[in-house]
Structures are given as C-alpha cells and as structure tokens.
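Novice: Could you have a look at this structure, given as structure tokens, before my questions?
The values are calculated or read from the model by the stated rules, or taken from the named source; none is laboratory data. Owing to the predicted nature of the structure, the values given are computational and were not obtained by experimental measurement. Cβ sites come from the backbone with ideal geometry, for glycine too, and all protein chains shown count toward neighbours. Just the protein is used for accessible areas: all its heavy atoms, side chains included, with ligands, DNA and RNA removed. Shrake-Rupley method; radii C 1.70, N 1.55, O 1.52, S 1.80 Å.
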Amino acid sequence: MAEVKVKQESPDPVKIENRIKELCQQFPHGITDQVIQNDMPLLEAQQRAMAINRLLSLGQLDLLRNSSGLLYRMKDAQTASKMKGSDNQEKLVYQVIEDAGNKGIWSRDIRYKSNLPLTEINKILKNLESKKLIKAVKSVAASKKKVYMLYNLQPDRSVTGGAWYSDQDFESEFVEVLNQQCFKFLQSKAEVARDSKQSPMVQRNSSFATSHEVWKYICELGISKVDLSMEDIETILNTLIYDGKVEMTIIAAKEGTVGSVDGQMKLYRGVNPIIQPTGLVKAPCGLCPVFDDCHEGGEISPSNCVYIAEWLEF
C-alpha cells in the first residue's frame, strides 16, 4: 500500500502577526525572538521574520535593544502616527529617548543603547528635532553637554536645576532675597507671639509656622517669576537652619492636613543667636578635619586650599 503524504498548509501571515501582537500585549515591556519561538514552535524562521518586519514597517511594533538582544514592544497609536514614514533606525533612537523620560539622555548613551554610528545618530537627532518630536536641553550637571528628551516633556529638576537656575546660571541674588523674606516672615510671627502677653509656652508654640504658610506668604509677595513649590521653600528654610537663624520641629498631623506628609508636619520658627559666631568658625578652617596637617609647603596648605579660595570668592 502506497504511503499517503499529508500536505501541511502554511500558516496564515495575518494570524501570525495577530499572535505576535497578543504576546506583546501580554508582556508590555517587550518580547524576545525566543518568546515567539516558544509560543509558535512550528513556525519557520523566515515566516517569523516576515511577520515581524511587516509589523515594524507598519509602525505597530517598536524595536528595542538590551543586554540580552533585541526586544519587540507594542507601540501605541499616538506614537505610531508621529513616527509614520520613519525608518527603523530613527524609530530605535526615538524609543531610546522616550525611555529616558524627562531626565533626558546624552548622545553617548544613545549610541551605546542603539549600537549605531555617532554620525548616523547625529543625523537622526537633527531630523527628529526638525519634526519637533524631541528637543535638546542643556543640563546644569554638565554645561557643555545636552540631553535629549521628547518635545512635550517638562525637564526634570536635576536637569534644569529647578527654580534656582536660569540659563544654567545659579540665581544667587534671587536665593538671597528668598532667604531674607522667609526669615522676615518667621521673625514677624515670633514678634506677634511675644506681644500676645501669654505664657512662655503658648508664645513659643504660636511662633511656629508651617512650610505651607511660608510658601503662601512668598507666593503672595509676587517676588518670584517662576512657580515655587513647597519643596523649594523648605530648601530655603533648611539653609536658614544651617545659618542658625531658624529651628525646625516635627509634629504629628491628621491625614489630609495641608502641609503634612505621611502623618507628619514640619514647623519652623525664627531664632536669634545668643552670640554671633566668630570669624574662624565661619571660615573653612574652623571645621576642617585635616586642620592639624595643614601647613605651608606641605601637601595640605593654605596657599593651595580650594575651600579657602571658594570661600574668599563667595
């Protein structure tokens, strides 16, 4: 009896593509080629490659690269419309920048993650900038370097320096004005408490103010051109604490109370030092841990001390 051969039908390409998209939805962070092989073991490598290339060309998948190799990830419809007409290399660079978020990424790191030549990366970056898909932002951490992020993102404070920087320059005068006004507010609150003629303990408790109260006072003054957060004001208050002009205490607070965090609230009050600190304490030498080893002609000496130089310039 002759052997009967059963002809196997080739799988439907649309079904393969749909299954790959289902796998990508199951694993939002991306799938490797091995995941597709394990799910469809009978699928030939050529058929698998054709399905993936078609999905990439249609802009339905993102091609990523990590330490273990290539990753395929589902692309949202909004991003797909933006990248319509872009080649795979441009899509790869865009994806690397998107993953960096609002902290941005240097071109050197883009090169490392995409494994593309630097000349090609520079060309792609210029093209993406011209389409207003990405933007270059100068970082306060490195004045001569730029980081790239998506065009519609607000840069992180670690990149811009927050409210204390303008065009990478530290706004020392602005910080000094805020210092003075915050201290003035706390002083006035302490004076009102003293004039109340109540018991010393009540006067002391009444002289405290929350960071929210100080923030509200500064906002109402209108001395800032940028929007200040409570975190910014607490940074200023911390500098006043280091200067010995303000003290802080933490109390328990009901959940939902304005200015409270995790059931706690910070209170600040202005204080007047009993005696003014001496000049030696203000100088770096007064707190230097290697003061005893410092002498002219030695490895540590006043003539080459960077801390004294910075202090004198300040």
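Novice: Which whole number in µm²/s is D for segment 88-129 by Stokes-Einstein, with the Kirkwood Rh taken over Cα pairs at 25 °C and 0.890 mPa s?
Specialist: Values: Rh = 10.1 Å.
The diffusion coefficient I find is 244 µm²/s.
Novice: In the neighborhood of Leu178, defined by Cβ-to-Cβ distances under 11 Å, what is the net charge if each Lys or Arg adds +1 and each Asp or Glu adds -1?
Specialist: -3
Novice: Shifting gears a bit: Share of the chain's accessible area from carbon and sulfur, percent, 1.4 Å?
Specialist: 52
Novice: 222 nm [θ] for the chain, helices only, -39500 (n - 2.57) per DSSP H run of 4+, per residue, to 500? Show your work: numbers first, answer last.
Specialist: Values: 14 runs with 145 residues, N = 314.
So the helix-based figure for the chain works out to -13500 deg cm²/dmol.
Novice: Let me ask another. Take the chain, connect every pair of alpha-carbon atoms lying under 10 Å apart with a spring to form a Gaussian network, then pick out the residue of Lys138, Lys123, Lys103 with the largest mean-square fluctuation.
Specialist: Among Lys138, Lys123, Lys103, the largest GNM mean-square fluctuation belongs to Lys123.
Novice: Can you tell me the alpha carbon radius of gyration of the chain divided by the globular rule-of-thumb value 2.2 N^0.38 Å?
Specialist: On the way: Rg = 30.7 Å, N = 314, 2.2 N^0.38 = 19.6 Å.
Relative to the rule-of-thumb radius for its length, the chain sits at 1.57.
Novice: Separate question: Skipping prolines and chain starts, which residues have an amide H placed within reach, meaning under 5 Å, of the one on Tyr165, given they are 5 or more residues away or on another chain?
Specialist: Glu171
Novice: Quick one: accessible area per residue over the chain, 1.4 Å probe, rounded to a whole number of Å²?
Specialist: Here the per-residue accessible area is 67 Å².
Novice: Cα centroid distance between segment 191-216 and segment 102-162, in Å?
Specialist: Cα centroid of segment 191-216 versus Cα centroid of segment 102-162: 48 Å apart.
Novice: Run the simple label-point estimate for Asp109 and Phe291 please: 7 Å along Cα→C-beta, distance reported in nm.
Specialist: 4.1
Novice: Oh, and also: For Ile300 and Asp243, what does the FRET efficiency come to when R0 = 45 Å and r is the distance between their Cβ atoms, rounded to the nearest 0.05?
Specialist: For R0 = 45 Å, the calculated efficiency reads 0.95.
Novice: Now a separate question. Let me check I've understood the local charge: for Arg157, count other residues with C-beta under 13 angstrom from its C-beta, Lys and Arg +1, Asp and Glu -1. What total comes out?
Specialist: Numbers: positive: Lys103; negative: Asp156, Asp227, Glu231, Asp232.
Neighbourhood net charge equals -3.
Novice: On to the next question. What's the extension gain from Leu42 to Asn272 if we count 0.36 nm per residue and subtract their Cα-Cα distance?
Specialist: Gain in length upon complete extension: 74.7 nm.
Novice: About its Cα centre, how strong a charge dipole does segment 70-224 have in debye, to the nearest 20, once Lys and Arg get +1 and Asp and Glu get -1 at the Cβ?
Specialist: It comes to approximately 540 debye.
Novice: What FRET efficiency comes out for Tyr307 versus Glu173 if R0 is 22 angstrom and r is the Cβ-Cβ distance? Round to the nearest 0.05.
Specialist: After rounding, the FRET efficiency stands at 0.40.
Novice: Over the alpha-carbon set of segment 117-199, divide Rg by the Kirkwood Rh and report the Rg/Rh ratio to two decimals. Write out the running numbers ahead of the final one.
Specialist: Details: Rg = 22.3 Å, Rh = 16.5 Å.
That ratio is 1.35, to two decimals.
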